[in-house]
Amino acid sequence: MSDATTVPNHPTLPLLKKAFPNVSFLVANYRDQVTVVVPKEHLHAVARFLRDDPACAYCFLSDVVGVDYLNYPAPQPGRFAVVYLLASYAHDLRIRLKVYVEPPLPTEGIEVDPGLMVSSVVDLWPGAEWPEREVYDMFGIRFEGHPDLRRILLWKDFPAHPLRKDYPLRGRGEREYYQTITRQST
């Protein structure tokens, strides 16, 4: 177990630094789970390296999740983050990639916000297709290059992203205006 002042002892970290000497990575270790914070413009290249390099061989993407840091007690580099959970079965390793994104202005609705866009990794791990759609649907973070980026849990005209922390807990009247379809009404 390492403390906050030491770099975690993870075999992938020196390989990343050697492959990307001009990229500034931040590394965190919590309960022996290593997270590498990647600048969003380098996400796709770093992900491709982690998958394709035989010394890494992160062949499995187990999940893609979104995080909203609104009112988080510690300052963060961006309001939102996208986290990729990777596994290397060949080397029995796990690592997380995190990319921060920041909206330039408070947004309302589902308009395209260039600050909330990261590269899709569906071309590297096809299993990322639905988790990326879920992050888009719930947080409004778009994935550039995604083959089918559309809502997956809510209807296409839903006017917001409900897992954002500024979304009201009781909703904005969606339940009052939503028509329930029964067997008798079809």
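So that you can scan it fast, the table gives a plain yes or no per residue for (1) at pLDDT below 95; (2) assigned to a strand (DSSP E or B):
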| site | (1), (2) |
| --- | --- |
| Asn9 | yes, no |
| Asn29 | yes, yes |
| Val36 | no, yes |
| Leu43 | no, no |
| Val46 | no, no |
Filter result (touching a Lys or Arg at 6+ places or on another chain (Cβ under 7 Å), surrounded by fewer than 21 Cβ atoms within 10 Å (Cβ to Cβ) and farther than 16 Å from Tyr58 by Cβ) within the stretch 70-88: Leu70, Asn71
Count of residues meeting criterion [surrounded by fewer than 18 Cβ atoms within 10 Å (Cβ to Cβ), at pLDDT 90 or above and either under 10 Å from the mean Cα position of the chain (by Cα) or within 28 Å of Tyr30 (Cα to Cα) (or both)] in the stretch 97-123: 1
Some residue of the stretch 71-85 being assigned to a strand (DSSP E or B), among the aliphatic types (A, V, I, L, M) and touching a Ser or Thr at 6+ places or on another chain (Cβ under 7 Å): yes
Restricting the stretch 31-54 to residues that are over 14 Å from the mean Cα position of the chain (by Cα) and within 13 Å of Arg94 (Cα to Cα), the residue that is surrounded by the fewest Cβ atoms within 10 Å (Cβ to Cβ): Arg31
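The values are calculated or read from the model by the stated rules, or taken from the named source; none is laboratory data. Because the structure is a prediction, the values reported are computed rather than measured. Ideal geometry is used to build each Cβ from the backbone, glycine not excepted, and the neighbour counts take in all protein chains shown.
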